[in-house]
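Have a look at the structure below before the remarks.
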Amino acid sequence: MAESYYDILGVPVSASIEEIKIAFRKLALIYHPDKNPEGEQMFVKILEAYEILSDPILKERYDKGILKYSELKTSKFYTKKQRQNKWDVTEEDVIKRQYYKKYYEKLKKEYEKEKQQYSEELKKYSEWRYWLTAFILCTILFVLTILFYNKK
């Protein structure tokens, strides 16, 4: 009798997706062909089990025994395609997206403009601060120089 995917990963049938991921990672470290050349066949089995048990839809079908592995491979593509069809967009959604895209582009331009103005003001402020500091230092040096020469 063939091993079940749960047996291959060493997890119970009630295992969560997170437990399945953890078991896969542990086994992958042991049987990965880069680390264990003799474990290549086992790694393929582990990978197959993980692909099925990590996908909730395929796991449910596998648990019900409706599909065998050969059927799961073809149905996996079908279920992914099926999931993509759920994201159909109405014309109203397209109009809303275009409106919001324009709105956010306008906000971005305003933000960039304000950012540029702020940086220019900051630069002016920095220059002003530099000159004020230089003036104060020069004044202090001048006063100290006068005081020093007055003592002599």
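The values are calculated or read from the model by the stated rules, or taken from the named source; none is laboratory data. In this text the structure is predicted, and so the values were computed from the model without any measurement. Note: ideal-geometry Cβ built from the backbone for every residue, glycine included; neighbour counts use all protein chains shown. Note: accessible area is taken over every heavy atom of the protein model, side chains too, but ligands, DNA and RNA are not part of it. Shrake-Rupley method; radii C 1.70, N 1.55, O 1.52, S 1.80 Å.
Per residue, the solvent-accessible area of the range 1-54 (1.4 Å probe, heavy atoms of protein chains only, all protein chains present) comes to 65 Å². The modelled label-to-label distance between Leu132 and Glu114, using points 7 Å beyond Cα along the C-beta direction, is 2.5 nm. The largest accessible area among Ile52, Ile95 belongs to the first residue in Ile95, Ile52, and the rest follow in falling order (1.4 Å probe, all chains). Only Lys, Arg, Asp and Glu carry charge here, each on its Cβ (+1 for the first two, -1 for the last two); on that basis the range 89-152 has a dipole of about 400 debye about its Cα centre.
So for Ser54, Ser16, what's the accessible-area order with a 1.4 Å probe, most first?
Details: Ser54 30, Ser16 55 Å².
Final ranking, largest accessible area leading: Ser16, Ser54.
Ligands, DNA and RNA aside, Lys102 has an accessible area near 140 Å² when probed at 1.4 Å. Using heavy atoms of the protein chains and a probe of 1.4 Å, the accessible area assigned to Glu19 is about 90 Å².
With each label modelled as a point 7 angstrom along the Cα→C-beta vector, the Leu107-Ile22 pair spans 4.1 nm.
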